[in-house]
Amino acid sequence: MSLFVIVFYGLLIAVSCLTASYRRHDVFMATFSLTLICFLIGLIGGEPWLKRIAIGIGIFLAAGGIAYSFRKFLSLLLPRDAARLIRTAPLTASFGLFVILVYLVAAIFAPIIAPYGEADVIAGAYAPADEKMLLGGDQLGRDLFSRIIYGARNTVGIALLTTGIAFFVGSLLGLMAATLGGWVDQICGRIADTLMAIPQLIFALLLLSILGTNVVNLILVIALLYSPLVFRLARAVAGNIVVMDYIEAAKLRGEKTWYLIVREILPNATAPLVAEFGLRFCFVFLAISALSFLGLGIQPPTADWGSMVRDNSTLISFSQGTPLIPAAAIALLTVAVNFVVDWLLHISSGLKE
Amino acid sequence: MNETVMNEKKAVSEKAISAEEKSARLLLKIRGLRIEGRVDDSWLEIVHGVDLDLRRGEVLGLIGESGAGKSTIGLAAMGFTRDGCRISGGTIEFDGMELTSSPEEDLRMLRGARIAYVAQSAAASFNPAHRLIDQHTAAPVQHKIKTRRESEEDAMELYRRLRLPNPGEIGFRYPHQVSGGQLQRAMTAMAMSCRPDLIIFDEPTTALDVTTQIEVLAAIRDIVDQFDTAALYITHDLAVVAQMADRIKVLLKGDEVEEADTRSMLEAPREEYTRSLWAVRSFQRHQKPVPPADETPVIEVRNVSAAYGPVLVLDDVSFSIHRGRTVAVVGESGSGKSTAARCITGLLPPLSGEVLYNGTPLARHFRDRSKDQLRQAQMIYQMADTALNPKKRIGEIIGRPVSFYGGLRGAELKKRVDELLDQIELEPSQYYHRYPSELSGGQKQRVGIARALAAEPEFIICDEVTSALDQIVAEGILKLLDRLQNDLDLAYMFITHDLATVRAIADHVVVMKEGKVVEAGPKEDMFRPPHHAYTDLLLSSVPEMDPDWLDDLLAKRGVDNIGEAAQQKSAL
């Protein structure tokens, strides 16, 4: 038995014992189950598999460490109220915030960070990774790493704009429908129902093939498809608010509808809407990637993670991981945003501790 | 606590139940209980070392204002604390078992089976998606005390003992299909399902009408007697606790004030604070002289009928409200008193009849009324929590009507808001920038009053403004309203089901039932017999401080002649 195996098992068992003696039962159960599983895998797969598990655990611990330090960092940096909020945030949320921050930096400073331009052909097709090209080349010999960085800018930027439009239209109409009721509610509601009755992806493909594929059309079509969902949420949230006595008091005072919506209802509806924004953002983001994968989204040579997965997909047959890199970029952002959204939902639901 | 008094009492109770050796044993023994609540990042002590003894078959009343720690102590008796609270010291011994150090699994075995809890709002505590009997049987089946079949049969038996109508059938209904009083009794039956040794009643009748309350009280007392169950009865209503408890413990801000058996406590309270609690119900304003017949009333409701869809809820209702006078509209929930208010404000356009303001008819719908007409009639709501926008600061809430109607801006606006805050006895510099969630119930209600005053109205509708508050706070609100009426010559329409409030503040009383005015007249006439049968029922159902009141009433009227049963009779 090599030294690695001995140290590996030794550490696992030591951590199990420590957590058990400190009565952290959930952590103990997790580590000791892992130990038992590792015994089994060690018997079947031998040392290489154990090394992979060790790397996995290492990445997990590193992510936890970053999250922990980042939370501390933010809580010391931010003003008092925000700092208190951050201090009570779970580690997942601070990890999510960190990842989002990294993506934002990548998107904003793309030309500085990326070693090459997004359309520069600098090597042969599918060139392997070397010192010059961190992640190798794509099917035309462009630097994959540079394209991932530029992709952050395009994919995330477009998704943000799209979600923004969908939210503005959807929540405004939703709040109006709830406040005015009657025929405004009926008409808006039925239009939303109709839009939601058609399968989204197919509808998007249909509209884009009619209108032609460019970035403006892409943004407008996806915003149109997602606004009914926001409408429904905004209307449901506002529906619970308009029955409150303070709304009745404002109505009896003779306030205009606009005041009611903006000053009385919206402040009470922001929390669920913000949480929904994060969630929708992921869906829009995935929809754009899906459309790009199908060839109707962002057009070449603009770098975009969805089309990068498609373009490099042949490499999968040669058991190469290249197409998985842009896919991982999508997955990581989605997970990160969802972590933050979960946290926001938790806050807005009023659950403390 | 005086040592000799304790020993005496112990001796007395031991003698009374010496037949059963076991019964003499202490069931619940709390010593030096300290509980802390989390405020931001630090822990604040909210219960400061309370001792409590409870023997088998005994009912102990816990009484105090909101924030006295009554409910917190009640929950701690089950070894439970709310989220954000923790037990930081003391011992809780239940039947020889120490709860503070017991693991969660052991406590779980205890709760429901040996200690049961009856919450304030049965409507909010029952799961609306399940039948009553399914929820009833959950605990006995879970604790493996009874099979489902046995427990269902037992449920029907309990429903019968609690005098619920159709005991064999009512359990198969959903919570929304039974009335509030019935639901509260069903909840008591549920608490009894495992024949616990201890039941904690947390304000079980606070949300109920007086006529419903009385039958729930009678039922609870009866069943506690029958099964010789010990109970902690938590309430802020002194008259209620006088009927229910063998002993009373008075609490103030997490400290014990005094404890004595019910009779001696009522007759001779030792502490100043207890005496002030006892005196609360004494606030009474003299009736103002009846206004001259030819004076134009501020608001006159003339033959108004109104309906929600096909259901007629107001049937030819007429009354008038004069300047500087208070008209109390009395009746139970569903009697149409709030609907009458909605007709006056124009939220519900009446089917027929009209509402006159200073002799001129008002538009049926509030949208068709002028800004000035809207300004003249203001409203104060029952639930201050829902009446104030939680995302606005107090200054904004009160300032909006000032700037909306009066057009004041900037420094003038701030000055006027400060004046209003002074009027409601809240320090402007301290409260201007707060949010409603940072205020107590009584303070929120005061802000609601200030918002109504900010419009400078002639007429204010007070919709059950004190029913969500405990008595000391409610008294403060009533006094404030009275002072404002004298200062500003306001007319009040006071909607309430609490006759003590009517007695305190009204000049003229209108009794409503099922959308009709049953009886109306000046207050002094209304509280003097003979009454209409329904008024009589309402009046006789108001608990009094006399501990024998419920017994006397039951003896006089009979168990089947109170609450809903009596109402049905008076309708016939």
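Residues A:132, B:444, ranked from the fewest to the most other C-beta atoms within 10 Å, line up as A:132, B:444. Please identify which residues in the stretch B:324-339 have an amide N closer than 16 Å to a label point set 7 Å out from the Cα of residue B:527, following the Cα→Cβ vector. Of the residues in the stretch B:324-339, B:326-330 have backbone N under 16 Å from the label point off residue B:527. At q = 0.11 Å⁻¹, work out log10 I(q)/I(0) for the stretch B:414-572 with the Debye formula, treating every Cα as an identical point scatterer and leaving solvent out; two decimals please. Once normalised to I(0) and log-transformed, intensities are -0.57. Pairs of Cα atoms in chain A fall into 10 Å distance bins, from 0 up to the last occupied one, in shares of 5, 18, 23, 24, 18, 9, 3, 0, 0 percent.
Would you mind computing Rg(Cα) / (2.2 N^0.38 Å) for the stretch A:3-64, counting N as its residues?
Its radius of gyration relative to the 2.2 N^0.38 Å reference: 1.11.
Extension gain for the segment residue B:264 to residue B:323, taken as residue separation times 0.36 nm less the Cα-Cα distance, is 16.7 nm to one decimal.
Multiply the residue separation of residue B:150 and residue B:44 by 0.36 nm, subtract the distance between their alpha-carbon atoms, and state the gained length in nm to one decimal.
33.5 nm
Here the spin labels are modelled as points 7 Å beyond Cα on the Cα-Cβ line, and at residue B:172 and residue A:33 they lie 4.4 nm apart.
Which loop chymotrypsin sites (Phe, Trp or Tyr not before Pro) in the stretch B:427-479, with loop taken from DSSP, have no more than 16 other Cβ atoms within 10 angstrom of their Cβ? Could you put the intermediate results ahead of the total?
Values: sites: B:431, B:432, B:459; in loops: B:432.
Qualifying residues, ordered by number: none.
Taking only the C-alpha atoms of the protein assembly as shown, Rg followed by Dmax gives 34.2, 110 Å.
Arrange A:17, B:462, B:343 by Cβ neighbour counts within 10 Å, fewest through most, would you? Don't jump to the answer; show the numbers that get you there.
Details: A:17 13, B:462 29, B:343 26.
With the sparsest Cβ surroundings first, the list reads A:17, B:343, B:462.
Can you pick out the pairs among B:288/B:516; B:337/B:414; B:29/B:444; B:391/B:479 whose Cα atoms lie more than 31 Å from each other?
Values: B:288/B:516 26 Å; B:337/B:414 36 Å; B:29/B:444 37 Å; B:391/B:479 29 Å.
Violating the 31 Å limit, Cα to Cα: B:337/B:414; B:29/B:444.
Mind checking which aspartates and glutamates have their C-alpha under 19 Å from residue A:256, skipping anything on the same chain fewer than 8 residues away? Cross-link targets: A:185, A:245, A:248, A:264, B:368, B:372, B:396. Be a star and scan the stretch A:43-86 for residues whose amide nitrogen sits under 19 Å from the point 7 Å along the Cα-to-Cβ vector of residue A:18. From the stretch A:43-86, the list is A:54-69. Simple spin-label estimate for residue B:98 and residue B:347 gives 5.4 nm between the two label positions (7 Å along the Cα-to-Cβ direction from each Cα).
What value, in deg cm²/dmol to 500, does the helix sum -39500 (n - 2.57) over DSSP H runs of n ≥ 4 give at 222 nm once divided by the residues of chain A?
On the way: 15 runs with 259 residues, N = 353.
When only DSSP H runs of four or more count, the value is -24500 deg cm²/dmol.
Using the beta-carbon distance between residue A:134 and residue A:316 and R0 = 25 Å, what value does 1/(1 + (r/R0)^6) give for FRET efficiency, to the nearest 0.05? Once the sixth-power term is evaluated, E becomes 0.75. Relative intensity of the stretch A:144-348 on a log10 scale, I(q)/I(0) at q = 0.11, 0.15, 0.17, 0.18 Å⁻¹, equals -0.59, -0.94, -1.11, -1.19, per a Debye sum over C-alpha point scatterers of equal strength in the absence of solvent.
Quickly estimate the mean residue ellipticity at 222 nm for chain B, helices only: each DSSP H run with n ≥ 4 gives -39500 (n - 2.57), and the total goes over all residues, rounded to 500. About -11500 deg cm²/dmol. Treating each Cα of chain B as one equal point scatterer and applying the Debye formula with no solvent, the log10 of I(q)/I(0) at q = 0.06, 0.07, 0.11, 0.12 Å⁻¹ comes out as -0.34, -0.46, -1.11, -1.28.
Take the Cα radius of gyration of the stretch A:273-353 and divide it by 2.2 N^0.38 Å, with N its residue count; two decimals is plenty.
Working: Rg = 16.0 Å, N = 81, 2.2 N^0.38 = 11.7 Å.
It is 1.37.
Counting each pair of different Cα atoms once, what's the Kirkwood radius of the stretch A:154-205 in Å, rounded to one decimal? Show your work: numbers first, answer last.
Details: mean 1/r = 0.0798 Å⁻¹.
About 12.5 Å, per the Kirkwood formula over Cα pairs.
Explain nothing, just the number: relative contact order of the stretch B:94-166, from Cα pairs under 8 Å at least 6 residues apart, as a whole percent.
On the way: 27 pairs, mean separation 14.5, N = 73.
Across the stretch B:94-166, relative contact order equals 20 percent.
A crude spin-label estimate for the pair residue B:427 and residue B:26, with each label 7 Å from Cα along the Cβ direction, gives 4.2 nm.
Taking each pair of different alpha-carbon atoms in the stretch A:210-268 once, compute 1/r for the pair, average those values, and report the inverse of that mean as the Kirkwood hydrodynamic radius in Å to one decimal.
Numbers: mean 1/r = 0.0730 Å⁻¹.
Across the stretch A:210-268, the inverse of the average 1/r is 13.7 Å.
Just check the stretch B:164-219 against the gyration tensor rule for me: Cα atoms, a ≥ b ≥ c as the square roots of the eigenvalues, rounded for a/c under 1.5, and otherwise prolate or oblate depending on whether a/b exceeds b/c. Judged from the Cα gyration tensor, the stretch B:164-219 comes out oblate (a/c at least 1.5, b/c at or above a/b).
Sorted fewest first by neighbouring Cβ atoms within 10 angstrom, B:43, A:305, A:258, A:343 come out as A:258, B:43, A:343, A:305. The Rg/Rh ratio for the stretch A:50-186 is 1.15, where Rg is the radius of gyration of the alpha carbons and Rh is the Kirkwood radius. Dividing the mean sequence gap of close Cα pairs (under 8 Å, 6+ apart) by how many residues chain B holds gives a relative contact order of 15 percent. Candidate cross-link partners of residue B:253 among the aspartates and glutamates, defined by an alpha-carbon separation under 19 Å and a same-chain spacing of 8 or more, comprise B:36, B:45, B:51, B:65, B:202, B:203, B:237, B:271, B:272, B:438, B:470, B:475. Using C-alpha pairs under 8 Å with a sequence gap of at least 6, the mean separation divided by the residue count of the stretch A:220-353 gives a relative contact order of 22 percent.
Straight-line cross-link reach from residue A:132 at under 12 Å between alpha-carbon atoms covers these aspartates and glutamates, not counting any fewer than eight positions away in the same chain: A:143.
Read the figures in this text as sums done on the coordinates, not as results from a lab. On a predicted model such as this, the values are computed, not experimentally measured, just so you know. Quick reminder, even Gly has a Cβ in these numbers, built from the backbone with ideal geometry, and neighbours come from all protein chains shown.
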